[in-house]
Amino acid sequence: MAKTGHISKLHLFAKDTDAPDVIKGFKYQELKTLEVWLFNKVHGIAEHIYCDFEDDIFQRDLTSFKSTFKQLKLYSSKKFSFSSVEITKSLAHFFMLFVKGEYLMDDPLFRIRNKYFNCG
């Protein structure tokens, strides 16, 4: 009978994941959505606000046919660069939303926001 290793050598759950960063990012997204909702409430702005639908924050004013798509980023260690994977993905996603049939009559606005930088 071959000797097997001890159970402590089994590393099923030892994978280093980015789950804490993903959770922090989603919580940041929820807080920013709440901030938008409160701003609109105080200033009497009537628009539909969606969290994590179409984009991180999606605002739509159906009376004036305006749509705002926001991508939120929560990192301070990276400098803004159009060549970064995150920004490239965001721009590609924005393009797909731009050509989507549901928003062809809308005046769209696309924004990328970071806790540490604001671009748009």
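The values are calculated or read from the model by the stated rules, or taken from the named source; none is laboratory data. As the structure is a prediction and not an experimental result, all values here were calculated from the model. Using ideal geometry, Cβ is built from the backbone for each residue, glycine included, and neighbour counts are taken over all protein chains shown.
Worth pointing out:
- The range 62-120, subset within 19 Å of GLN29 (Cα to Cα) and basic (Lys, Arg), residue modelled with the lowest pLDDT: LYS78
- When the test is whether a residue is surrounded by 11 or more Cβ atoms within 10 Å (Cβ to Cβ), in a loop (DSSP other than H, G, I, E, B), modelled with pLDDT of 80 or more and β-branched (Val, Ile, Thr), ILE57 does not pass it.
- Pair list, Cβ < 8 Å and 6+ apart or interchain, from the range 81-105 residues that are surrounded by 14 or more Cβ atoms within 10 Å (Cβ to Cβ) to residues that are among the polar types (S, T, N, Q): ILE87/SER81; SER90/GLN71; HIS93/GLN71; PHE94/GLN71; TYR103/SER67
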